[in-house]
Amino acid sequence: MTKEFIEFKKERDLGSIITDAFKFIRLEGKPFLITILKTAIIPIVIAVVAMMYYMISMSSLSTDGVNGGIGVFISSILLLVAYLLAFVFINLAGMHYIQSYIDNNGVVNQEEIKQNTKDRFWSFTGFGFLSGIIMFISLLLCVFPMFYTWTVLSLGASVLVFENQSATSTIGRCFDFIKGHFWETLGVVFVVSLLVGVLGYIFQIPATIYQIIKMGIGLNSQDPTEVFSLFSDPIYLILNVVSIVGQLMFYSITLITNVFLYFDINEQK
């Protein structure tokens with residue numbers, strides 16, 4: 001039986017982009033996610049450990065005073081760096097999986113994905129750093145510029161990978177690439193972000209319910225610092241780990257739809 005191949009390089013409307021993204025997940029979801037996990041497993045584990053360390057440091061905030069505050073600050077920095085590292089590897093592994101899928105007509109080369117992920121690490125990290133600065137400045141100026149830059153830079157990963165651009169040239173290329181297609185891009189990015197956010201929240205529900213119950217118990221306690229013990233609760237930690245893994249899984253929808261959107265605009269141009 002011949003394996004069905006999904007053509008990325010063609011024009012699509014919003015409905016087709018979302019439909020084909022889920023179709024790609026249905027056909028390639030298992031190897032796609034396994035490839036991401038195999039490639040990014042160490043950064044993901046580091047991010048999970050950093051998150052647990054942050055939550056444990058939060059639990060000691062009420063008892064350790066200044067030292068507790070310093071511990072929370074350090075753990076926050078470590079958590080941010082760990083999340084960014086995992087984000088870079090997940091994006092690169094997913095993007096290069098799709099690139100290999102396209103180049104080889106549905107036959108994916110795992111060694112090629114690993115090598116390309118390593119080769120593009122610093123350029124993607126640089127792009128992420130520059131994008132963060134631009135987004136921060138946009139936020140300081142006003143909310144609207146932030147939405148504009150968020151929309152423009154959302155296709156940066158696709159531009160960097162599929163056009164083999166450097167970190168700095170990707171920024172400029174994004175603004176040029178989006179000309180004449182801003183509202184189309186904003187519509188797709190907004191709808192997909194909303195969809196993924198709702199789906200991802202499903203994994204947060206158990207942790208949220210447990211948090212409400214525990215905080216209710218803590219508030220009824222004569223010791224007000226009892227509330228902070230939640231952050232070192234093993235059950236709460238496990239529920240949060242499950243939540244993070246689930247949200248990372250649903251992020252693949254955003255990644256795939258952005259690639260479909262990139263090729264849609266590219267074909268129109």
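Details
- Residue, nearest to THR35 (Cα to Cα), within region 109-143, restricted to residues that are touching a Leu at 6+ places or on another chain (Cβ under 8 Å) and hydrophobic (A, V, I, L, M, F, W, C): PHE121
- Residue within region 57-69 that is open to solvent by 80 Å² or more (accessible area, probe 1.4 Å) and over 27 Å from ILE238 (Cα atoms) present: yes
- Scanning region 43-56 for residues that are in contact (Cβ under 8 Å) with a residue 24 or more places away in the chain and either open to solvent by 70 Å² or more (accessible area, probe 1.4 Å) or hydroxyl-bearing (Ser, Thr, Tyr) (or both) returns ILE46, VAL49, TYR53, TYR54, ILE56.
So that you can scan it fast, the table gives a plain yes or no per residue for (1) within 18 Å of PHE87 (Cα to Cα); (2) touching a residue at least 40 places away in the same chain (Cβ under 8 Å); (3) touching a helix residue (DSSP H, G or I) at 6+ places or on another chain (Cβ under 6 Å):
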| residue | (1), (2), (3) |
| --- | --- |
| ILE133 | yes, no, no |
| LEU139 | no, no, yes |
| PRO145 | no, no, yes |
| THR149 | no, no, yes |
| VAL152 | no, no, yes |
| GLY156 | yes, no, yes |
| VAL159 | yes, yes, yes |
| GLU163 | no, no, no |
| THR168 | no, yes, no |
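- When VAL81, VAL107 are screened for being touching a helix residue (DSSP H, G or I) at 6+ places or on another chain (Cβ under 9 Å) and assigned to a helix (DSSP H, G or I), only VAL81 passes.
- Candidates LYS23, LYS10: the one that is farther than 18 Å from VAL191 by Cα and not aliphatic (A, V, I, L, M) is LYS10.
- Condition check for SER158: in a helix (DSSP H, G or I) and crowded, with 19+ Cβ neighbours inside 10 Å: yes
- Among the residues of region 137-155, those identified as crowded, with 18+ Cβ neighbours inside 10 Å and of a type outside the set (A, V, I, L, M, F, W, C) are SER138, THR149, THR151, SER154.
- Once region 14-30 is narrowed to residues that are free of Cβ contacts under 8 Å to residues at least 24 places away in the same chain and charged (D, E, K, R), the residue that is surrounded by the most Cβ atoms within 10 Å (Cβ to Cβ) is LYS23.
- Exactly one residue out of ILE205, ILE134 is surrounded by 14 or more Cβ atoms within 10 Å (Cβ to Cβ) and not acidic (Asp, Glu): that is ILE134.
- Test: residue in region 225-235 that is under 25 Å from VAL49 (Cβ atoms), open to solvent by 50 Å² or more (accessible area, probe 1.4 Å) and modelled with pLDDT of 80 or more: yes
The values are calculated or read from the model by the stated rules, or taken from the named source; none is laboratory data. All values reported here derive from a predicted model rather than from experimental measurement. In this analysis, Cβ positions are derived from the backbone assuming ideal geometry, glycine residues included, and neighbour counts consider all displayed protein chains. Side chains are part of the model used for accessible areas, which takes the heavy atoms of the whole protein and leaves out ligands, DNA and RNA. Shrake-Rupley method; radii C 1.70, N 1.55, O 1.52, S 1.80 Å.
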